[in-house]
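Bear in mind that the values in this text are calculations on the coordinates, not laboratory data. In this text the structure is predicted, and so the values were computed from the model without any measurement. Ideal geometry is used to build each Cβ from the backbone, glycine not excepted, and the neighbour counts take in all protein chains shown.
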Amino acid sequence: MISTYLMYRNVCEQICAICQEQGVAVIIGGPYFVQPEVIKDWVRIPGLTALAAGEVELQLPSILKTLLAGGDVTLHQGMMAAGPQGEIRGEIAAPQREIDAVPYPDFSDFPWEAYPNRIIPVITGRGCGWGACTFCSDVTSTAGRTYRSRSPGNVLNEIASHYRQYQVSRFVFTDMKLNSNVEMWRSLISGTQEVAPGAQWIAAVHVGNEADTGLSESDLRAAAASGCVRLSTGLESGSQRIIDLMKKGTQLDSISAFLHNASAAGISCRCTMILGYPGETAADVHASAEFLEHHVEVIERVSLNRLQVIAGTTLHRSATRKSGRLAGFRIVSADSRTAQVEHRYDELETSSHRKAVMRLLTAVHRINIRELSPRAREFEGVM
Ligand code: SF4
């Protein structure tokens with residue numbers, strides 16, 4: 001069984017070829033095998049027995065029994081294979097509902113000695129409570145299609161078990177948006193130190209427009225007291241117009257307040273940003289630079305990325321539908337092996353846009369060369 005990102009296609013092909021020679025069955029799964037065009041392409045890899053499409057972990061024991069008995073695994077939901085005529089058999093598994101039933105990850109064979117410190121990833125829910133950002137491929141991935149939360153007790157028990165079993169007190173919550181379920185978020189804040197004394201943790205949050213996001217000044221002070229040392233959030237742009245085009249569901253003044261409150265509480269803040277969204281002009285990039293210039297003291301790291309268009313996202317679908325109607329923006333080609341969609345945006349080639357990008361890069365650099373606060377240092381490179 002191989003779990004893979006799409007970028008490792010060539011390696012997967014080679015493994016399948018070797019296994020075919022040796023008569024060994026291969027099942028491949030991973031986070032993006034729920035997009036029909038990707039499935040259609042991958043399922044035909046020579047030597048592949050079946051593709052795991054969707055969340056199948058609770059069914060895995062019975063799938064493996066069928067496989068070992070020489071049966072047809074595509075009779076299990078979520079197992080897909082190419083038939084003798086090249087037809088595709090099987091269907092995508094629906095999102096897993098009983099996520100409290102999934103066993104805790106077993107790290108007993110993990111080579112801890114190869115790492116400078118012990119950090120364990122924990123996920124409290126699948127999907128994102130907002131789920132609307134047009135560019136986001138997390139919410140078109142296998143586990144991201146709908147939002148489902150574990151129960152707070154189940155998550156706190158997992159943290160306690162890792163703390164006891166592996167002497168780990170640093171955790172990274174890998175949820176797309178840890179405050180999707182505000183009850184869960186507040187339960188972690190109130191319960192983490194009880195189950196893992198001295199614990200430190202980091203997470204990503206969405207500073208949305210809901211009446212209660214769980215990110216008030218007092219919430220953030222409580223989060224810091226419970227061991228939160230870094231929060232990452234999607235700023236994406238310093239232009240409200242672009243943020244609205246992205247359907248990000250955030251307001252710049254709320255993000256500004258969040259950054260000031262989190263920083264005052266002692267939490268290191270990281271922002272992600274996107275450059276080159278359709279409709280972006282030099283003025284929008286200047287607005288992004290200006291936002292960073294005004295928040296140098298309260299942002300510790302910026303991750304600035306050129307827009308990537310991923311197959312299956314709302315952005316990809318609408319750019320394909322509106323082909324020729326997004327001024328200067330066009331889809332050039334789509335690769336179903338990797339789900340990467342090549343695009344062009346003429347505005348990026350203008351000298352005014354380039355100048356604005358230089359200003360933005362300078363602002364990003366000014367932030368990223370700063371020393372990290374000591375509390376967040378242990379997590380450098382993690383998120
Ligand atoms: S808030 Fe984050 S995870 Fe949720 S849809 Fe937007 S980008 Fe994706």
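For the reader, a short list of remarks on this structure follows.
- A cut-off of 5 Å between modelled amide H atoms, ignoring neighbours fewer than 5 places along the same chain, links residue 200 with 170, 171.
- Gyration tensor (alpha-carbon) shape descriptor, the stretch 2-89, a/c threshold 1.5: rounded
- Neighbourhood charge, 11 Å Cβ-Cβ cut-off, centred on residue 347 and excluding it, Lys, Arg +1 and Asp, Glu -1: -2
- Set 40/177; 40/248; 177/247 screened for pairs whose C-alpha atoms are more than 24 Å apart: 40/177; 40/248
- Low-density loop positions, GluC sites (Glu not before Pro), the stretch 1-58 - DSSP coil, at most 12 other Cβ in 10 Å: none
- Other residues lying with their Cβ under 11 Å from the Cβ of residue 101 contribute a combined charge of -1, Lys and Arg counting +1, Asp and Glu -1.
- Estimated FRET transfer efficiency (residue 69, residue 174; beta-carbon r; R0 22 Å; 0.05): 0.05
- Part-to-part distance (alpha-carbon centres) for the stretch 1-68 and the stretch 88-167, which is given in Å: 20
- In the chain, the calculated helix contribution to ellipticity at 222 nm averages -10500 deg cm²/dmol per residue, counting -39,500 (n - 2.57) for every DSSP H run with n ≥ 4.
- In the chain the longest region clear of chymotrypsin sites (Phe, Trp or Tyr not before Pro) that are loop-assigned by DSSP and have at most 16 other C-beta atoms within 10 Å covers 108-383.
- Percent of beta bridges antiparallel (DSSP, the stretch 2-89, rounded to nearest 5): 45
- Given their separation in residues at 0.36 nm each and the Cα-Cα distance between them, residue 154 and residue 225 gain 23.4 nm when the chain is fully extended.
- The stretch 240-310: GluC sites (Glu not before Pro) in DSSP coil with no more than 11 other Cβ atoms inside 10 Å: 297
- Those Cys residues of the chain for which no other cysteine Cβ falls under 4.7 Å: 12, 16, 19, 128, 228, 269, 271
- Under the Debye formula (equal points on every Cα, no solvent term), log10 I(q)/I(0) of the chain at q = 0.15 Å⁻¹: -1.41
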